[in-house]
Amino acid sequence: MKILVENEHPLNSPSFIGTDAEKIAVLGYWAGMISHIRSMNMIVISHENKLAIIAQLKKELELIDIEVNNDSAHPVVHPDGSTEMSQLTTTSPNIDDAPTVVPNEVVVDLTTNESQFNPKISIKEQMQRLAGTHYLNKSKK
């Protein structure tokens, strides 16, 4: 029996926490990501392109690190169920600091009916829009 000798360094995985299912998913993600990174030498030929990829990868990792370690943000759940990270306000709002109304400012009435923004469209027109054959008549403008 022949001995299999690896020519690359072994995969060193960090210690992951969580449930077994989460650990398996994270290990799969980790192995796949490292596999993609290590396959660069087989896919990318130019040394300059390899350096460009590595430099941009470092920048992306710095951005992700900032996002992950962003302590000034907190999750906000919206009424529709979506969640986003929002920055904490450093000062509490003061009524005296309310913005002044600019005379040419457009005022939006939030009590308008939804149908104003989503007008009824005939089935024929919907099908024409899907097919890309719908053209507005000059008289409708």
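Structure summary
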| read-out | value |
| --- | --- |
| Residue match in the stretch 38-58 (condition: among the basic types (Lys, Arg) and closer than 13 Å to LEU11 by Cα) | yes |
| Selection status of GLU67, among the acidic types (Asp, Glu) and either in contact with an Asp or Glu (Cβ under 9 Å, 6 or more places away or on another chain) or over 23 Å from ASN12 (Cα atoms) (or both) | yes |
| Selection status of ASN104, in a loop (DSSP other than H, G, I, E, B) and either modelled with pLDDT of 85 or more or under 29 Å from the mean Cα position of the chain (by Cα) (or both) | no |
| Some residue of the stretch 40-60 being loosely packed, with under 10 Cβ neighbours inside 10 Å and modelled with pLDDT under 60 | no |
| Only listed residue being of a type in the set (Gly, Ala, Ser) and modelled with pLDDT of 60 or more, chosen from SER86, SER139, SER92 | SER86 |
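The values are calculated or read from the model by the stated rules, or taken from the named source; none is laboratory data. No experiment lies behind these values; they were computed from the predicted model shown. Cβ sites come from the backbone with ideal geometry, for glycine too, and all protein chains shown count toward neighbours.
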